[in-house]
Amino acid sequence: MATLRTLTEGWAFTQVGGGKGTKDGEWLEVAHAPTSVHVELLKVQRIPDPFLGLNEWEVQWVGETEWAFKNSFKVTEEELSASNVDLVFEGLDTYATVKLNGQNILNTENQFIEYRAAAKQHLKAGTNELVITFASAFKKGRELEKANGKLHLWNGDSSRLHVRKAQYNYGWDWGPVLMTAGPWRPIHLHAYNVRIVDLDVRSKVSESLEVNTTVDIKLSEKITSTATIEIKNASGQVVAAANEVKIAGGSARGEFKFAPGAIDLWYPVGYGKQPMYTVNTKVYNSEGKLLDSSLDKVSFRRVQVVQEPLADQEGKTFLFEVNNIRIFCGGSNWIPADSFLTTITPDRYRAWIQLLVDGNQNMIRVWGGGVFEHQSFYDACDELGVLVWQDFMFGCGQYPAYDSFLKLVEAEAEHNVKRLRHHPSLVIFAGNNEDYQIAESLNIVDYADETSDFRVTKFPARHIYERTLPEIVGRLSDVFYHRSSPYSAPGVKTTDKTLGDLHQWNVWHGTQEPWHNWDILAGRFVSEFGMEGFPDIRTVDYWLAGNKSERYPQSRTNNSHNKADGFERRLELYLVENFKHAFDMESYVYYTQVMQAETLSAAYRLWRRNWKGRGREYTAGALVWQINDCWPTTSWAIVDYFLRPKPAYFAIARELKPYTVGAARKEVKTFASDLSAADFTVESTLAVWGSNFTLAEKKVTLELTAFDLHSDWTESWTKEVTLAPNMSAELWSGRVPGTEVRTKLSDVPRTVIVSTRLLGDDGTVLARYANWPEPYKFVDFPPVPQLGLSVLVGADGESVTLDTRRPVKGIVLDAEGEGPDVRWSDQAIDLVPGDRQIVTAKGLTGRKVSVRFLGDGSA
């Protein structure tokens, strides 16, 4: 029987040759393995915390230094009696030389690959010493760039394009420059005679939901033996078994068939359960002795990426269908959750995915400039029902394709496709992030050419994306492959809005469109879009580290904690176009957060409207950039580094509920004749729609109530409607109640707020949306005392009741005084008379609540 143990104890590290980190010959104890250099230097206080102040720039020397890690471990005679004893390195970051008892056994060049080195001949019974020396990946990259040429990119140092390392380590427009090094994933000692080198469990689920499963076994030796395979459900019950699987030439296959309904299928969150099964495989020799075993979690589901012609519009759908159900994918993009990956625990991964689910999101895209994530990330997605869009690790660059680079890419792709293919949550592999867009910007891509040897063109990486990766994905998995994100179709530019997926950055970047134009900026599947907003004021104060002189929005420290080009101009552009706002630190945090919430909720609201039923899925997904941060910073994230949701998180959650209602206000100007510019009318119109993202029709009451912000005037009506399943439908259109037809632009329109709600049979509010006239900077808000706003903490100390006599826009609550972070159930709230809202506040513990809103007197 094989034995596998992890080398977690007895590690030490040093700066080779001595320097700022350690003295020459000084070895410092490692606090916890696996680890990386910065983490250990921080623990022994040899460097300042790069997340605070301007300290990022005080630690740049770390990434240009050579480091060594060593471990002393004991080996038993029993372990050495095995035919093979290997050292298995799940991840070394990045250029490492590995010596065992003074003998060189391995040289590595790729952070994303698991390496295995035969070690038996160099091991001895008793104590052995393992030394891993890490060269500077930055310097190695510069050397490779000199040898192979400088290439174009967005973000970071151009040498990164030659290095198979997490690209965000070189700095991004949301992250710091922190070049890590070290044994970043576990290292094992593996003793065995024969081992399972590959176990490929694949399930074909037919349209009738019949399940055909194969289990392919490949051994390290071409022996003849037998295997047993058991498939068990979560309760441990065996649902299928094969007890005498013959292994010939070191490989074998077990086959299983399940009639429709005989086995529980896996569904995305909101559409069904997520049953997990285990495949228990055991391999025996001819004498019946156990050689090796494997225990793998699997699930069964049918996934299709549907690209078919649409009714009434050009192009094709780009949608995900799971078990014959077409899914609108509302979710987020994921970047690495820390600059120091070894600090992320499984619980922290789980908390991130739980936040996603709690926010009614059902898809996450693992972006191509980070890493193939930790197993616990994908496990959490499996268990919680979150669909995973997985990029390969190429981002925003003109990557090379010379032979040695291709060899690394091939090994990396094979390893990670095998590692991830069994996860039911994984529904797509994409070749890269925005590399075709880089090529388009340089005018180096010929979309008419599908047959050339791309390695000798100005866009050599097309060979990777159109030859290497699709071959590997197709050979080793059944997962859908997409050449890039974004990518439209062969021969079509990535900016096409009628095909494939789209990165819509003409809000914020590009043409800097108003967010109100999301409807005309839609694509078939919008896999990136976003708006920046400051994080929680506590997070800002954390990175300011007590420096009160820097506690203003444009300070040097705050600038260093926002990496986006031109962020001050762009934040202020969207603020000044839409809001009256103040510049003190707390107010600037508030106004940018509300702006972010308004921008992103509008996108989800308008794009979900485009999901109009089968054949009319004009927009099939929206993935916000981004859910998370890798350090405390201001960025596009909707939840900050400390897992503190911004108001945008809650605004998005409301738009992704099973039932939603939306409304859009338009100013319609009609001229009396073609000959006059002075004779016209202006009418305020409103369109209302409802969405039902369940699989059953729903009878609801549409309630529309209009309020005058400056008087007690109100008008209300109801309408019984039936929402068809899994689609959005138009419910009403007409003039905004209480508004007059205007005949000149100097007529100031009445400030009418329209509340739309969907009510269930028992009067329960299933969905609500309050439509306000925009821009908000033109709204003459009443004096605060006239609002009649009531904010009451409940007797339980962890609920807050909101009520008002006049409409209030953009309520953000906060706890006063010292205490733990509060877990709010809602934020960025619009409140109208007669629609009391109760917000849960776990951790409030009876503290007083402060409240911010538009027109609160701060601006």
Practice item. Mind ranking 427-435, 26-34 by how tightly packed they are, going by the mean number of other C-beta atoms within 10 angstrom, highest first? Key: 427-435, 26-34
Review point. Going by how many other beta carbons lie within 10 Å of each one, how would you line up ARG483, ARG742, fewest first?
Key: ARG742, ARG483
**Study point:** Relative packing of 658-665, 365-372, which averages over residues the other C-beta atoms within 10 Å, highest first
**Key:** 365-372, 658-665
Point to revise | Sum of -39500 (n - 2.57) over DSSP H runs of 4+, divided by residues of the chain (222 nm, nearest 500) | key: -5000 deg cm²/dmol
Review point. From the backbone phi of the stretch 373-385, what are the Karplus-calculated ³J(HN,Hα) couplings (6.51 cos²θ - 1.76 cosθ + 1.60, θ = phi - 60°) in whole Hz, Gly and Pro given as x?
Key: 6, 4, 3, 5, 5, 5, 4, 5, 5, 4, 6, 9, x
Check your understanding: Can you give the alpha-carbon Rg of the stretch 137-248 over 2.2 N^0.38 Å, where N counts its residues?
Key -> 1.78
Exercise for review: Would you please give the FRET efficiency between LYS458 and ASP565, computed as 1/(1 + (r/R0)^6) with r the Cβ-Cβ distance and R0 = 25 Å, to the nearest 0.05?
Suggested key: 0.50
Revision key, fill the gap. Relative to the chain, whose Cα atoms define the longest principal axis, helix 137-148 and its Cα axis are tilted in degrees, nearest 10, by 80 degrees
Review point. If you put +1 on each Lys and Arg Cβ and -1 on each Asp and Glu Cβ, how big is the dipole of the stretch 272-344 around its Cα centre, in Debye rounded to 20?
Key: 320 debye
Review point. Where the eigenvalues come from the Cα gyration tensor of the stretch 1-111, what are the semi-axes √(5λ) of the equivalent ellipsoid, largest first, in whole Å?
Key: 31, 14, 14
Study note, to complete from the structure: Percent relative contact order for the stretch 252-299, counting Cα pairs under 8 Å at least six residues apart, stands at 29 percent
Review point. Over the Cα atoms of the stretch 466-557, what Rg and Dmax result, in angstrom?
Key: 20.3, 59
Review point. Which of TYR349, TYR604 comes first, and how do the rest follow, when ranked by fewest Cβ neighbours within 10 Å?
Key: TYR349, TYR604
Point to revise | Additional length obtainable on full extension of the chain from ASP821 to GLU210, 0.36 nm per residue less Cα span | key: 215.2 nm
Review point. Can you give me the Cα centroid spacing of the stretch 692-767 and the stretch 251-282 in angstrom?
Key: 45 Å
Revision key, fill the gap. The Rg/Rh figure for the stretch 195-298, Cα atoms and Kirkwood Rh, to two decimals is 1.02
Revision key, fill the gap. Among SER676, VAL832, SER235, the residue whose Cα sits farthest towards the positive end of the charge dipole of the chain (+1 at Cβ of Lys and Arg, -1 at Cβ of Asp and Glu, taken about the Cα centre) is SER235
Check your understanding: Given H placed on each backbone N at 1.01 Å, which residues far from GLU617 in sequence or on other chains put an amide H within less than 5 Å of it?
Key -> LYS612
Check your understanding: What length, rounded to one decimal in nm, is gained on full extension from THR670 through to ARG616, with 0.36 nm per residue of separation minus their alpha-carbon distance?
Key -> 16.3 nm
Practice item. Find how much the distance from ILE444 to LYS146 grows on full extension, using 0.36 nm per residue of separation minus their present alpha carbon separation; answer in nm with one decimal. Key: 105.1 nm
Review point. For the stretch 492-503, in order, what is each residue's ³J(HN,Hα) by Karplus, 6.51 cos²θ - 1.76 cosθ + 1.60 with θ = phi - 60°, in whole Hz (x at glycine and Pro)?
Key: 10, 5, 5, 8, 5, 8, 10, 9, x, 10, 9, 9
Check your understanding: Within the stretch 219-239, whose backbone N sits under 14 Å from a point 7 Å along Cα→Cβ of TYR284?
Key -> 225-230
Exercise for review: For the stretch 369-476, divide the Cα radius of gyration by the Kirkwood radius and give the resulting Rg/Rh value with two decimals.
Suggested key: 1.01
Review point. Considering only ILE464, PHE328, HIS152, whose Cα is most displaced toward the positive end of the charge dipole of the chain, charges sitting on Cβ of Lys, Arg (+1) and Asp, Glu (-1)?
Key: ILE464
Practice item. Take the Cα atoms of the stretch 659-778, build their convex hull, and give its volume per residue in Å³. Key: 121 Å³
Study note, to complete from the structure: Nearest-0.05 FRET efficiency for ILE325 and ALA351 at R0 = 35 Å, using Cβ-Cβ distance, is 0.80
Check your understanding: If you average over every viewing direction, what projected area does the convex hull of the Cα atoms of the stretch 3-190 give, in nm²?
Key -> 11.4 nm²
**Study point:** Dipole magnitude of the stretch 367-445 about its Cα centre (Cβ charges: Lys, Arg +1; Asp, Glu -1), debye to nearest 20
**Key:** 140 debye
Point to revise | For the stretch 771-833: rounded, prolate or oblate by the Cα gyration tensor [a/c cutoff 1.5] | key: prolate
**Study point:** Fewest-first sequence of MET179, MET276 by Cβ atoms within 10 Å of each Cβ
**Key:** MET276, MET179
Review point. Magnitude of the Cβ-charge dipole of the stretch 3-190, K/R +1 and D/E -1, about the Cα centre, nearest 20 debye?
Key: 360 debye
Review point. Points 7 angstrom from Cα along the Cβ direction at LYS848 and ASP761: gap in nanometres?
Key: 4.7 nm
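Here, each number is a calculation from the coordinates, and none is a lab measurement. All of these numbers come straight from a predicted model, not from anything done at the bench. Cβ atoms come from the backbone with ideal geometry, glycine included; neighbour counts cover every protein chain shown.
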